[in-house]
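Asks: Mind looking over this structure? Questions follow.
The values are calculated or read from the model by the stated rules, or taken from the named source; none is laboratory data. These figures come from a predicted structure and were not determined experimentally. All Cβ positions, glycine included, derive from the backbone under ideal geometry; neighbour counts span all protein chains shown. SASA here: full protein model, heavy atoms, side chains in, ligands and nucleic acids out. Shrake-Rupley method; radii C 1.70, N 1.55, O 1.52, S 1.80 Å.
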Number of protein chains: 2
Amino acid sequence: MVQKSKKPPVPRIDAPVQPKRRGRPRAYEPGVALGKALDLFRKDGFAATSLDGLSAATGMNRPSLYGAFGDKRELFIKSYRRYRDDARVAMGDIFRNELPIRKRLERIYAVALDIYLSGESGPRGCFTVMTAASEAVHDPDIRAMVLEGFAELDKAFATCFRLAQEKGELPVSADATVLAQLASATIHTIAIRARAQVPRKELEAIVNGAIDVMCGAAK
Amino acid sequence: MVQKSKKPPVPRIDAPVQPKRRGRPRAYEPGVALGKALDLFRKDGFAATSLDGLSAATGMNRPSLYGAFGDKRELFIKSYRRYRDDARVAMGDIFRNELPIRKRLERIYAVALDIYLSGESGPRGCFTVMTAASEAVHDPDIRAMVLEGFAELDKAFATCFRLAQEKGELPVSADATVLAQLASATIHTIAIRARAQVPRKELEAIVNGAIDVMCGAAK
DNA sequence: GCTTTTTTGTACCATTTCGCAAAGAATTCC
DNA sequence: GGAATTCTTTGCGAAATGGTACAAAAAAGC
């Protein structure tokens with residue numbers, strides 16, 4: 001038999017578009033739905049978010065939600081993981097960038113403020129900080145993720161400062177670890193204050209003051 | 001008529017013990033009950049705390065709770081006010097103390113860590129920070145209280161640093177406002193991390209690093 | 001002793017919550 | 001076209017939630 005006109009068994013490893021699934025096609029896009037769920041969790045927190053709300057936000061009815069992501073807790077965890085991935089993407093290149101330390105910090109905090117102040121109904125803050133304050137306390141798995149988030153940020157800042165030292169932008173006498181913790185503390189304080197609707201101007205003032213201190217007060 | 005042996009109408013302004021109320025006496029002490037409610041709110045947050053739980057914790061049944069403190073939201077607000085009052089008492093004299101700046105900061109953070117790490121079932125963190133992350137977003141009254149809390153702390157630290165400058169412990173070139181915001185940021189970062197069960201040793205390391213920087217890195 | 005006042009205790013209600021079972025719809029495979 | 005598969009839809013149900021009505025109880029006033 002010669003090749004029939006039927007779609008041949010071209011295996012096409014890592015099918016990018018339609019994996020040709022077997023049954024009824026999904027009425028939603030998992031990625032989009034997860035994003036909507038994340039939005040809601042960020043707005044109201046885990047406890048105050050209902051499955052009805054999630055259902056409405058994602059456009060999926062309850063059983064579909066359950067089938068796609070598991071129960072509420074699993075959906076929360078997947079949402080949080082998504083948040084972290086997004087944040088890594090948004091921050092990653094800035095941290096890796098070769099700008100002078102001061103410029104680099106400015107851009108990092110600018111992006112952070114964009115993330116924290118976004119939101120249709122009130123600023124959404126930092127999801128890691130929010131989760132640390134609530135679910136992380138009683139749920140070990142979530143706690144582990146949050147701690148990892150803190151460590152990741154500390155580490156990123158630390159390598160940032162160490163690089164600056166190597167480039168001679170900072171005195172070698174400075175302790176990069178300490179500076180990194182201060183930088184993280186500044187992230188945390190603006191995240192919390194943003195959530196309480198402190199205006200961006202004030203948050204930027206805090207950031208600028210902190211940068212001055214970290215880069216050696218002298219202007 | 002001479003004085004009868006009956007308890008005379010000694011008005012006893014500001015009756016300290018028994019105001020001789022009219023009806024059935026309360027079976028609880030309002031102050032104690034409010035403390036128990038606060039404990040529960042700090043542990044689980046507003047949304048995850050049920051009236052049943054509050055009822056059990058305070059020993060008051062639901063209608064009594066309602067009669068004494070109002071609905072859940074009002075009880076939460078009263079609990080938070082109580083927390084702030086307690087914190088002010090615990091911190092007040094240290095802030096007002098005349099110790100050298102470094103010692104003073106050390107003691108402030110030690111007391112803060114005591115507050116944040118206390119709790120039978122997991123560290124309870126800073127209630128202001130927790131509330132900022134959750135209820136403050138959608139409730140203007142609560143938000144106002146939280147913002148006031150932030151401002152109060154910033155201001156206390158600022159006067160602290162200004163005093164140190166006057167005493168010549170810090171260079172006059174330093175910006176007391178900026179230092180105060182850093183000090184607050186350090187409070188916030190240890191509050192959040194404490195809630196995620198970062199061990200006290202690590203938190204103390206963060207504090208010590210921050211103090212070094214604030215007091216002018218040189219040991 | 002009787003009334004008045006204040007609090008307690010029981011019971012209840014309407015609503016919301018999370019989760020699931022079961023039947024129907026849309027697609028692929030043969 | 002029919003079986004198999006996967007998802008959607010409707011609807012249910014058991015539990016928990018915030019809040020309240022109402023009668024009984026415990027004190028003071030007269």
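Asks: A:Ala176: net charge of surrounding residues, Cβ under 13 Å, Lys/Arg +1, Asp/Glu -1, itself excluded? Can you show the working numbers first?
Replies: Numbers: positive: A:Lys155, A:Arg162, A:Lys167; negative: A:Asp154, A:Glu166, A:Glu169, A:Asp175.
Net charge around A:Ala176: -1.
Asks: While we're looking at this one, here's another question. Label points 7 Å out from Cα along the Cβ direction at A:Lys201 and B:Ala47: separation in nm?
Replies: 3.2
Asks: Place the label 7 angstrom along Cα→C-beta at B:Glu169 and in each other copy, then list the distances from the first to the rest in nm, shortest first.
Replies: 3.4
Asks: Another question, if that's okay. Report the equivalent ellipsoid semi-axes for chain B in whole Å, largest first, defined as the square roots of five times the eigenvalues of the gyration tensor built from alpha carbon atoms.
Replies: 40, 24, 15
Asks: Give me the percent relative contact order of region B:34-130, please, defined on Cα pairs under 8 angstrom at least 6 residues apart.
Replies: Relative CO of region B:34-130 lands at 29 percent.
Asks: A follow-up question, please. Summing both sides, how much accessible area is buried between B and A? Use a 1.4 Å probe and give Å² to the nearest 100.
Replies: Details: alone 13500 and 13480 Å², together 23990 Å².
Heavy-atom accessible area buried at this interface is about 3000 Å².
Asks: On to the next question. Relative contact order of region B:83-214: what whole-number percent is it, with Cα pairs under 8 angstrom and at least 6 residues apart?
Replies: Working: 117 pairs, mean separation 37.4, N = 132.
It comes to 28 percent, rounded to a whole number.
Asks: Additional query: Sorted from shortest, what are the nm distances separating the label point of A:Gly70 from equivalent points in the other copies, each placed 7 Å from Cα along Cα to C-beta?
Replies: Taking the point 7 Å beyond Cα along Cα→Cβ, the inter-copy spacings are 4.1 nm.
Asks: Continuing with this model, one more query. Tally Lys/Arg at +1 and Asp/Glu at -1 over every other residue whose Cβ is under 11 Å from the Cβ of B:Ala151; what's the total?
Replies: Working: positive: A:Arg193, B:Lys155; negative: A:Glu202, B:Glu148, B:Glu152, B:Asp154.
Result for the local shell: -2.
Asks: So which of A:Lys167/B:Lys201; A:Lys72/A:Lys155; A:Lys78/B:Lys72; A:Lys201/B:Lys155; B:Lys43/B:Lys103; B:Lys155/B:Lys201 end up more than 25 Å apart, counting from Cα to Cα? Display every interim value, and only then the final one.
Replies: Details: A:Lys167/B:Lys201 32 Å; A:Lys72/A:Lys155 31 Å; A:Lys78/B:Lys72 31 Å; A:Lys201/B:Lys155 18 Å; B:Lys43/B:Lys103 31 Å; B:Lys155/B:Lys201 28 Å.
Exceeds cut-off: A:Lys167/B:Lys201; A:Lys72/A:Lys155; A:Lys78/B:Lys72; B:Lys43/B:Lys103; B:Lys155/B:Lys201.
Asks: Taking all protein chains in place and a 1.4 Å probe, what share, in percent, of the accessible surface of region A:81-214 do carbon and sulfur account for?
Replies: Values: 3040 of 5580 Å².
So the carbon and sulfur contribution to the accessible surface is 54 percent.
Asks: Here is a follow-up. For the pair B:Ala90/B:Asp141, report the inter-label distance in nm, with labels modelled 7 Å from Cα in the Cβ direction.
Replies: 2.6
Asks: Keeping all protein chains in place, calculate the accessible area per residue for chain A (probe 1.4 angstrom), answer in Å².
Replies: On the way: 11990 Å² over 219 residues.
Per-residue accessible area for chain A comes out at 55 Å².
Asks: Using only Cα atoms, what Kirkwood radius does the protein assembly as shown have, in angstroms? Walk me through the numbers before you get to the answer.
Replies: Values: mean 1/r = 0.0407 Å⁻¹.
Taking every pair of different Cα atoms in the protein assembly as shown, averaging 1/r and inverting gives 24.5 Å.
Asks: I've got another one for you. Taking each label point as 7 Å beyond Cα in the direction of the beta carbon, state the distances from A:Gly92 to the same residue in the other copies, shortest first, in nm.
Replies: So the label point of A:Gly92 gives 5.3 nm to the other copies.
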